[in-house]
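Since the structure comes first, as structure tokens, the remarks are kept for the end.
The values are calculated or read from the model by the stated rules, or taken from the named source; none is laboratory data. In this text the structure is predicted, and so the values were computed from the model without any measurement. What goes into the accessible areas is simple: the full protein's heavy atoms, side chains included, and nothing from ligands, DNA or RNA. Shrake-Rupley method; radii C 1.70, N 1.55, O 1.52, S 1.80 Å.
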Amino acid sequence: MEKISVSKVVESRRKTENSKITLINNLKKSNQQIDSEGGGDYWVTSNCAISNYFKSEDSTLINEKIDDLVNRADNANAKISKTMYQRNIEILYGFEDFDFSNYKPVGKLNYLAKPMSKSIMKINDLPIQVRPSHVYSFVEGNNKKIGAIWFISKLKGYRLEEISLYTDVLFRYLEKHYTKEYVIGPKYGIAMDVVNRKEIRYNQILMDDVTSPLNSTIEMIKKLL
């Protein structure tokens, strides 16, 4: 297996034992990670618009994308396409006036590149694909710090423990690639489910407010390989 997306790691937790085996066997055969309703490119338009809004703080980007998707839905012939566009529109309605000020530090943020060469990392010997929405540096006191946010989507949304799994992966990604130069800001290591607008920050895991099931889930997957 060359890689497994975090969405597939989460999906494995929801399946019966037989379905887990089928999922793992399919992943061995193919690294196509696109679900018709669950993840991958299905939510790319809403996720990209929200990501751009987070960086630019320009809410007109959300309104423009809603108008674009409404137009696409009106012109689509296939029902599955209309449904996809409508679901993305419904997500964006929740971000028309969303305030991101508490989701990033005060002051100037330096947004960093996210090269594909860094996107696959071994966690407990399992190759996980990590694709955060933004990684940025900032200065706090005398420290150069690093933060990141990951906008995630799934039909009907994620459970809190599943969001915490994404947050845990995100922290390990930052720890692997950036701690030689930066100090990680746990408050700003955030995974956010844009369907339900719920988030988990890494400091919540550090303080045991939530427990990440990442290690146990990876061990379960490894036993099935």
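Restricting attention to the stretch 15-30, the residues being at pLDDT 85 or above and hydrophobic (A, V, I, L, M, F, W, C) number 1. Name the residue that is nearest to the chain's Cα centre (by Cα), counting only residues in the stretch 146-168 that are farther than 23 Å from residue 55 by Cα and basic (Lys, Arg). The qualifying residue nearest to the chain's Cα centre (by Cα) is 159.
The lone criterion from (1) open to solvent by less than 70 Å² (accessible area, probe 1.4 Å); (2) more than 24 Å from residue 14 (Cα to Cα); (3) modelled with pLDDT of 95 or more; (4) not in a strand (DSSP E or B) left unmet by residue 72 is number (1).
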